[in-house]
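Data first, discussion second: the structure below is written as structure tokens.
The values are calculated or read from the model by the stated rules, or taken from the named source; none is laboratory data. As the structure is a computational prediction, the values presented were derived from the model and not from experiment. With ideal geometry, Cβ positions are generated from the backbone for all residues, glycine too; neighbour counts draw on all protein chains shown. Calculation scope for accessible area: heavy atoms of the full protein, side chains included, ligands and nucleic acids excluded. Shrake-Rupley method; radii C 1.70, N 1.55, O 1.52, S 1.80 Å.
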Amino acid sequence: MQVFEIMFIFCAHIFISLNSKGLKNRIWTKKQIRGSLKVKLKGLGQLFFFFATLALTASVGFGQNHDTLVKAEKYPLLKKIDNSRPTALGFDGINDSLSLRKKPIRDEFTFSVWVKTDALKEGNMPIMGYPEFATLKTTPDRKIHLNFHGQGDLYSDPCLANGAWQHLAVSYSKNIASFYKNGRLVGSDTLKKRMKTMPDSAVFVLGKNNFRELFNGLIDQPEVFEGVLTQNQIAELHSKSKHTPQLTENLLAHFAMNSPSGELKANGKISWTEDSTGAFPRFSGKGEYLQGPKVETDYSFSVAAWIKPAKMTGSQALVDNNIGFSLKLNQLGGLTLTLPKIKDYISRRNLLDTGRWQHVAVTFEAGDSIRMFVNGKTESVFPAPIPYLPGKRILIGRNLWNETYHGGIRDVSIWNRKLEVAEVDRLFAEKPDLGKDKNVQKHILKFSLLTLIPVIGFMLIVFLKKNKADNTPNEKLSGPNKELENLRQLAENKLSDENYTTDQFAKDAGMSKTKLYYLLKENTGMSASGFLRDIRMKKVAELLQDPEISISEIIVKTGFQSRSYFNRCFKEQYGDTPSAYRKKRENPINQEANTTQI
């Protein structure tokens, strides 16, 4: 085998050096791959293609059964047509194709292949198969297509994306085909006619079928398996053969937005301001927006941006793709993704604040999942619908419903693929200085003893107030402060709800979490969770004075999830267990007598 490889490389070098048309940008051209083994060239060209075809025939691997996953080896000399997959073959969609050795398949089989194309709209494109028997194809409406020659057609759900590497697989058994994209089931279909037996003369072909249809794009690691691979095996095959994409792969648009640009057209008066992190556009929330070029997403997309909200009022559009999607900021400090048919997906946790830079991102794949991120971390996951309508022009700061944004925004990016979780985290980590005010850092370095003294004094006052609030009735709550009285009443009404959270408390109070925190901290010395627990503890102390109510009933009435947590919270506030506290209240005279004797 080593002697054969040396002869092959030697002939290849002679051919490239003598033939000026050689390898064009290291991609096989139509003159170099013309109709498979039937290529007719003269002299060295004929010799070269003879050895090339033999080498390709020997190097492509096919699984002998479903128990062994055989990966195709690298193709000789067909390298670096795509940096992420140097072994891929390029087809021009005009007359490029490649025939390999025949390997007859019978009643059950599995096709597996990686593909990348920008030409899905151009028509049906054959990827691989036996043209006289069965061929794996793509369709203009983004479906995976298994065509049985003269017998019928089977289809997946819409799932394909332009310009992205995708692992496609189809397993066929007993007239049923199951289709997979990136290891995930994307539909199944049934052949109505009985499948004919594959002729022994059938030849395996890449990029072409018997209907003069041709593939335009890249093909990598085509494999055929006798028998049906399970979903777990196909997922394993995808996982083992997938590459690590660069963040620039399938990046449809990136708007740095650090200065007015001709790529983004301003509608309305937008002020460009600057902070310690640089310049950025600031939206006033009065209807102005930036309009970008047409960006057509498919059944997978991702969008990311750095934002610095000024207010958390109403629904505010961040990035809108017309009928495709609208990424918004909601009044609770969370993200909302609106998809066609006005379907809203709202983040379950609200972590965004005003006045500082934060990184937000959303990834989508039809039929799979919607994932929302804040500062590189996953915050919410939802099942994604099918089908999905591709969008049109990009709007930043406003959407079709005239929901406008109030704040700063920069580094808006849109991909025609679903980013991995690690990629979103890496995207966030690339801008470590955003959100860190350099002026604040300078002030911290210049801090002197004179500035520390009042800070320490203030912390001491807050500490004393907190201790007083924990051990004595809160005078603020019984005072004339209307907002605090409303909060106290609201908390008392929700005492029995063990799942009542500070997020829901802020929502019911009609204010942001930040405002609720500062209102309670300034007037009671407590956080929102501390305030809710304080109200519960006071109610517990009140109910313990009634001997007719059991402690178990009190736990239910005050919304505690477990008796151990109930006992611990009560002892922290009152210094006794609930049982001991009740006994002291029931026998105050005996308790005083016992204390006197001691």
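Brief remarks on what is shown
- Stretched out straight at 0.36 nm per residue, the stretch from residue 483 to residue 561 would grow longer than its current Cα-Cα span by 25.2 nm.
- Cα-projected label distance for residue 499 with residue 585, points at 7 Å along beta-carbon direction, nm: 3.0
- Accessible-area order (highest first, 1.4 angstrom probe) of the listed residues 398, 85: 398, 85
- Exceedance of the 20 Å cut-off in Cα-Cα distance is limited, within the set 308/343; 121/328; 308/431; 121/392; 181/242; 308/515, to 308/343; 121/328.
- Net charge dipole size for the range 101-141 [Lys, Arg +1 and Asp, Glu -1 on Cβ; Debye, nearest 20]: 260
- Heavy-atom accessible area order for 117, 577, 197, largest first, 1.4 Å probe: 197, 577, 117
- Residue 576 versus residue 107: modelled label distance in nm, points set 7 Å from Cα along the beta carbon direction: 8.1
- Inter-label distance for residue 174 and residue 356, nm, one decimal - labels placed 7 Å from Cα along Cα-to-Cβ: 5.9
- Gyration tensor verdict on the range 123-235 (Cα atoms; rounded if a/c is under 1.5, prolate if a/b is larger than b/c, oblate otherwise): rounded
- Rolling a 1.4 Å probe over the protein heavy atoms gives the range 161-241 an accessible area of 43 Å² per residue.
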